[in-house]
Amino acid sequence: MTVNSASNEQPLRKQKIVYRNGASQAVYGLGMLGAWFYYFTTATTFWMGALGFIKGIFWPAFLVFELMKYLGM
């Protein structure tokens, strides 16, 4: 008794992974470091430094908000 394996099975292939948008991560990272530098050097108290840390993480949101306010949207 023989088993005929005439199915259309493809051999397993490694999936090719393509990483994109690396440049935007670099711009965000440099902007975050620059924002932290600015906020930490201008902070007069510990809590202003802590607030500067949070603002440094969310700096793109502040940028878009101010841009929309400037454009009157």
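The values are calculated or read from the model by the stated rules, or taken from the named source; none is laboratory data. The shown structure was predicted, so the numbers you read here are calculated from the model rather than taken from an experiment. FYI the Cβ positions are ideal-geometry reconstructions off the backbone, even for glycines, and counts take in every protein chain you see.
Checking G56 against (1) exposed (fewer than 10 other Cβ atoms within 10 Å of the Cβ); (2) modelled with pLDDT of 90 or more; (3) not aromatic (F, W, Y), only one condition comes out false. Which one? Only one criterion is unmet by G56, namely (1). Counting only helices (runs of 4 or more DSSP H) that sit wholly inside region 14-73, those with at least 3 residues that are in contact (Cβ under 8 Å) with a residue 12 or more places away in the chain are 22-42, 46-57.
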